[in-house]
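Notes follow the structure.
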Amino acid sequence: MYSLEFPIRCSPSILFEFLSTPVGLSEWFADKVDSRDDVFKFTWNGAVDTAYKIEEIEEEYVRYRWDYYNDDEFFEFRVEQSPVTNETILTITDFADKFDIKDSESLWDSQVADLKHRIGS
């Protein structure tokens with residue numbers, strides 16, 4: 001497990017919409033996102049991956065588990081506001097083998113760059 005922090009220039013409530021809804025996620029995370037109840041279908045270049053929304057606290061965090069993850073693995077988007085700078089901070093927690101962490105971190109960096117672009121941050 002590893003975590004990454006990114007400052008995002010927008011309100012926590014707007015950011016949370018981009019992290020927790022199919023419309024928001026399809027803006028930056030995948031080409032297309034569909035959901036039914038807590039089952040999310042993410043499409044990239046025609047390939048579909050399924051994740052389950054396993055936990056959520058509105059405007060604080062949302063946690064998903066890919067269908068191929070073990071039961072104790074997940075990826076999480078956590079939104080916090082720095083009490084010092086009042087900056088909105090996105091913390092992403094994910095799981096990867098130690099040999100894959102660098103590649104996974106690079107992918108998240110790229111994805112979050114797209115997110116910042118979409119938000120105008």
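Only the coordinates and a few stated rules stand behind these numbers; no lab work does. As the structure is a computational prediction, the values presented were derived from the model and not from experiment. Counting neighbours? That spans all protein chains shown, and the Cβs are built from the backbone with ideal geometry, glycine included.
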Trypsin sites (Lys or Arg not before Pro) restricted to segment 64-104 and DSSP loop, no more than 13 other C-beta within 10 Å: Lys98
Mind listing the phi-derived Karplus ³J(HN,Hα) values for segment 9-15, rounded to whole Hz, using 6.51, -1.76 and 1.60 with θ = phi - 60°, and x for any glycine or proline? 8, 5, 6, x, 5, 5, 4
If you average the C-alpha positions of segment 73-121 and of segment 1-32 separately, how far apart do those two centres end up, in angstrom? 8 Å
Residue by residue through segment 71-84, the couplings from Karplus 6.51 cos²θ - 1.76 cosθ + 1.60 with θ = phi - 60°, in Hz, x for Gly and Pro, are 4, 9, 10, 6, 10, 9, 10, 10, 10, 9, 10, 5, x, 7
Sort out the exposed loop chymotrypsin sites (Phe, Trp or Tyr not before Pro) in the chain (DSSP loop, at most 13 other Cβ within 10 Å) and tell me the longest stretch that has none. 1-67
For Tyr61, enumerate residues with amide H under 5 Å from its amide H, sequence gap 5+ or separate chain, H modeled in the peptide plane. Val79
Straight-line reach only, C-alpha to C-alpha below 22 angstrom: list the lysines that Lys53 could link to, leaving out same-chain residues fewer than 8 apart. Lys32, Lys41
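Need the full-extension length gain, Phe99 to Glu17, defined as separation in residues times 0.36 nm minus the C-alpha distance. One decimal, nm. Could the numbers behind the result be given before it?
Values: separation 82, 0.36 × 82 = 29.52 nm, distance 3.22 nm.
Gain on stretching Phe99 to Glu17: 26.3 nm.
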Helix-only [θ]222 nm of the chain, DSSP H runs n ≥ 4, -39500 (n - 2.57) each, per residue, nearest 500: -9000 deg cm²/dmol
Can you tell me the 0 to 90 degree angle between the C-alpha axis of helix 101-119 and the longest principal axis of the chain, rounded to 10? 60 degrees
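Add +1 for every Lys or Arg and -1 for every Asp or Glu among the other residues with Cβ under 14 Å from the Cβ of Thr88, and state the total.
-3
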